[in-house]
Structures are given as C-alpha cells and as structure tokens.
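Q: One structure follows; several queries about it will come next.
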Amino acid sequence: MIVAVFSRADDDCRIRGRDYHQFDTGIAVGFLMLRATELGLVAHPFAGFREKKAKEILGIPEEYQLIALIAVGEKADVLHDLLTDNQKETEKERPERKTFEEYANINKFS
Ligand SMILES: Cc1cc2nc3c(=O)[nH]c(=O)nc-3n(C[C@H](O)[C@H](O)[C@H](O)COP(=O)(O)O)c2cc1C
C-alpha cells in the first residue's frame with residue numbers, strides 16, 4: 001500500500017505568518033508510522049516522486065501540496081534484486097542515529 005500525504009495551508013492554522021499544515025500533517029504521519037510498526041508492518045516515507053504526475057494520477061486538486069508518499073507493507077524475507085548493494089546493506093540494520101548534541105541546542109542555538 002502506498003499512502004499519499006497531502007495538505008493545504010487553508011485547512012490549518014496560520015499564526016503570525018507561520019503556516020502549520022505541514023507540521024500538523026507530519027505529526028499525523030508520525031502516528032501512522034508508529035501504528036503501522038505496532039501492527040508489525042514497515043512504513044517508509046519517500047520524497048523521490050514527481051509531484052505533478054502523482055497528483056494527476058491520484059486526482060489531487062492543484063491547491064494541495066503532495067508532501068510525501070509512504071510505502072507500507074510487510075518486511076520481505078528475501079531482499080529484492082532491484083535493490084542496489086547499498087540499499088541491501090541499509091536493510092540489514094537501521095542507519096546510525098545522530099547524537100543528541102548534533103540536533104539539539106540547549107538555551108541558545110549553537
Ligand atoms: C521526508 C522523507 C523523505 C524520504 N525520501 C526517501 C526517498 O525518496 N527514497 C528513499 O529511499 N528513502 C527516503 N526516505 C528514507 C526512508 O523512508 C527511511 O526513513 C529510511 O530508510 C530509514 O529508515 P528508518 O528511519 O526506519 O531507519 C525519506 C525519509 C523521509 C523522512
């Protein structure tokens with residue numbers, strides 16, 4: 001299954017010039033991914049698609065932004081031949097995570 005994630009600014013709040021639709025859609029996607037995982041599925045978001053073409057195929061109106069597609073499925077026992085060696089390698093274990101210090105600042109940006 002491929003879930004198409006799309007939203008538009010008019011459906012969400014705009015506070016002092018800040019649009020929140022992408023933020024809120026991201027929260028929803030996070031929960032979707034957690035629930036998929038809880039069900040024993042794998043959910044991989046991807047941004048590598050042609051927005052115009054995908055919207056055309058899915059009939060999504062112009063004013064919406066197609067933010068991401070999420071491939072949801074069961075983990076295969078055997079890796080597909082279409083995967084590159086690098087992709088096969090990254091399927092074996094999760095990519096290394098950044099350390100807390102790399103993405104968080106305390107009190108001030110540094
Ligand atoms: C916004 C977003 C866009 C992504 N786009 C792609 C993509 O186009 N192609 C791809 O192979 N992985 C893409 N990824 C990465 C995978 O979905 C996934 O996060 C990665 O394989 C690491 O999985 P893990 O976080 O479960 O370890 C994207 C991830 C995010 C969050």
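The values are calculated or read from the model by the stated rules, or taken from the named source; none is laboratory data. From a predicted model like this one, the values you see are computed outputs, not experimental measurements. No Cβ is skipped: glycine too gets one built from the backbone with ideal geometry, and neighbour counts run over all protein chains shown. With ligands, DNA and RNA removed, areas are computed over all heavy atoms of the protein, side chains included. Shrake-Rupley method; radii C 1.70, N 1.55, O 1.52, S 1.80 Å.
Q: Within the bounds of region 46-60, is there any residue that is within 13 Å of the ligand (Cβ to nearest atom), part of a strand (DSSP E or B) and either within 18 Å of Arg8 (Cβ to Cβ) or not β-branched (Val, Ile, Thr) (or both)?
A: Yes.
Q: Still on this structure, I have one more. Those residues that are surrounded by 11 or more Cβ atoms within 10 Å (Cβ to Cβ) and aromatic (Phe, Trp, Tyr), I need them from region 33-52; list them, please.
A: Of everything in region 33-52, just one residue is surrounded by 11 or more Cβ atoms within 10 Å (Cβ to Cβ) and aromatic (Phe, Trp, Tyr), namely Phe49.
Q: How many residues does region 1-25 hold that are open to solvent by 40 Å² or more (accessible area, probe 1.4 Å) and either in a strand (DSSP E or B) or touching a residue at least 12 places away in the same chain (Cβ under 8 Å) (or both)?
A: Qualifying residue count for the region: 12.
Q: I need a count of the residues in region 61-81 that are open to solvent by 70 Å² or more (accessible area, probe 1.4 Å) and either outside any loop (DSSP other than H, G, I, E, B) or more than 12 Å from the ligand (Cβ to nearest atom) (or both).
A: Counting residues in region 61-81 that are open to solvent by 70 Å² or more (accessible area, probe 1.4 Å) and either outside any loop (DSSP other than H, G, I, E, B) or more than 12 Å from the ligand (Cβ to nearest atom) (or both) gives 8.
Q: Checking Arg94 against (1) more than 11 Å from the ligand (Cβ to nearest atom); (2) outside any helix (DSSP H, G or I): exactly one of these is not met. Which one?
A: With respect to (1) more than 11 Å from the ligand (Cβ to nearest atom); (2) outside any helix (DSSP H, G or I), Arg94 is out only on (1).
Q: What do you reckon, is Thr37 part of a helix (DSSP H, G or I), near the ligand (Cβ under 10 Å from one of its atoms), free of Cβ contacts under 8 Å to residues at least 12 places away in the same chain and under 17 Å from the mean Cα position of the chain (by Cα)?
A: Here the answer is yes, as Thr37 does meet what is asked.
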